[in-house]
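First the structure, in the form of structure tokens, and then the observations on it.
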Amino acid sequence: MQNTRGHFGSKIGVVLASAGSAVGMGNIWRFPTETAENGGAAFVLIYLICVAVVGVPLMVSEFVVGRHTHTNNATAFKKLAPGALWQVEGARGVLVSFLITCFYIVISGWTLYYAYASLVGLLSDADRDYDAFFNEFQSNPWQQVICTTLFLAIVTWIITRGVKSGIERFSKLMMPMLLLIIGVLVVCSFSLPGSSEGMSYLLHPDFSKLSGTMVLAAFGQAFFSLSLAMGNLSTYASYFRDDTNLNKTAWSVAIIDTMVALLAGLIIFPAVFSLPNPDPSQSGVGLVFKTLPYVFTQAFGGISWLGYVFSLLFYLLLFLAALTSAMSTHEPVTAWLHETHHISRRRATLIVTAVCLFFGIICSLQPSLLHDVPLLSLVSIDSLDTLTSTFMMPIGGIVISIFVGWKLDRQLVRDEMTNYGRLRFRLFGVYIFLLRWVIPPSIATVFVLQFV
Ligand code: PHE
């Protein structure tokens, strides 16, 4: 059934928009450090198994839900199965997207600022204390509010343009740009003196690190990186056409996502190891906003314009990755509001933006103005991140796999995965087996183990 809602116009648009959601800051600052700390290539191997066994089947399941119903995540579950539990699941997806947008726009605003700071040369000074630079930036309320607002304004502008001329068009523009920048940065990084040390730090397989903790880390990373159980993949899939090959799309997204994550490591560690006293132990926000600016000023042996270009491209890369991900969490909430409350898409977008901005600003003001205000401290990047990735997403993953594996009519699932018999899909039985017997207990185990 092809209906009148917006839909993606091309296969490449589908892949790039979905990959745009998956490729985010998690790939660039989380994957490389997780890999390096957890046994290099040994971690990558476990990660790949998690992607293939849990990630892709779950992604295909979310695609099935969205594409079959051609509607937002909340209505999709309502349409497919009456029953309170399933409706809660539909609403959970929309809520997760909303909560993630609220804090993700703040961090994304930082990438915007750092891209600007690189451009105007603020990050070119080798003698600057970049720890202090970041702390000052974070404790400046005006800068925080402006960056968050500006970033969200860009997302809003794209989302108001709709699915085809907004999300698809910009993904088709930004994802190739992102891949090109990665290519250039990898080549530059490889020309640095620390490249082989950096590579071996990242990839040297250390199987002695193989442990429950490592599997836990790989699992969590795969889940977050593929944007699973956020309600956004099913919303994007509701715009897929009937001839979109769901399985192939999911594999393409997983491959692009993993490649970008690995290449990000090949950009960061050679640069870190090109310094006389490399300190690769920093991770996350500290690595990206405090360590790397300094690394970039030093990496090219005093050739300042090379450091300048490298730093500018790197923060541009981070900004693009953040933008395509933020688009994908704004859209599910907008689609839900637009479709269930019968207000225009434009209006729905603006309402979602206003509410996200409100909470985003509270998050952004935590380090400066609000850290002592008792109740408001609950609305912070850390607490929203924990609430979504530690609790809401794993639970959603379990429910989705049970829903598609057990509850949905088997023929319906087969029809969606084979495009009503037009495609051959040999793995169908395997996917159903995984959704029924492997994925729910694995997520449940990981969920419990993280508290032990
Ligand atoms: N997959 C994204 C990442 O790696 C996660 C994400 C998606 C975060 C959408 C926010 C919005 O960063």
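Here are a few things to note about the model shown:
- Across segment 278-288, coupling constants 3J(HN,Hα) worked out from phi with the 6.51/-1.76/1.60 Karplus curve, θ = phi - 60°, read x, 10, x, 7, 5, 9, x, 4, x, 4, 6 Hz, and Gly and Pro carry x.
- Counted charge near residue 224, where neighbours are those whose Cβ lies closer than 12 Å (Asp, Glu -1; Lys, Arg +1): -2
- Listed peptides 177-184, 26-33 appear in the order 26-33, 177-184 once ranked by packing, highest mean of other Cβ atoms within 10 Å at the front.
- Rounded if a/c under 1.5, otherwise prolate or oblate - segment 187-269, Cα gyration tensor axes: oblate
- Charge tally in the Cβ shell below 12 Å around residue 68, where Lys, Arg are +1 and Asp, Glu are -1, residue 68 excluded: -2
- Rounded to whole numbers, the Karplus 3J(HN,Hα) couplings from phi for segment 24-39 are x, 5, x, 5, 8, 10, 9, 4, x, 6, 4, 4, 4, 7, 10, x Hz, using 6.51 cos²θ - 1.76 cosθ + 1.60 with θ = phi - 60°, and x at Gly and Pro.
- Taking the 1.4 Å solvent-accessible surface of the chain as the whole, the part contributed by carbon and sulfur is 67%.
- Alpha-carbon centroids, segment 1-53 and segment 84-109: separation in whole Å: 18
- Anisotropy class assigned to segment 115-251 is oblate, per the alpha carbon gyration tensor with a/c at or over the 1.5 cut-off and a/b no larger than b/c.
- Exceedance of the 19 Å cut-off in Cα-Cα distance is limited, within the set 78/407; 11/248; 78/164, to 78/164.
- Calculated [θ] (222 nm, deg cm²/dmol) that DSSP helices of n ≥ 4 give over the chain, each run adding -39,500 (n - 2.57): -21500 deg cm²/dmol
- C-alpha center-to-center spacing [segment 373-393, segment 183-227] in angstrom: 28
- Accessible surface, per residue, of segment 151-295 when the full set of protein chains is kept, probe 1.4 Å, Å²: 36
- Peptides 202-208, 245-251, 382-388, 262-268 ordered by average Cβ neighbours within 10 Å, highest first: 262-268, 245-251, 382-388, 202-208
- Centre separation in Å (Cα based) which lies between segment 289-311 and segment 324-349: 40
The values are calculated or read from the model by the stated rules, or taken from the named source; none is laboratory data. Keep in mind that this is a model prediction, so the values were computed, not measured. Backbone-built Cβ (ideal geometry, glycine too); neighbour counts: all protein chains shown. Just so you know, the surface numbers come from the protein's heavy atoms only, side chains and all, with ligands and any DNA or RNA stripped out. Shrake-Rupley method; radii C 1.70, N 1.55, O 1.52, S 1.80 Å.
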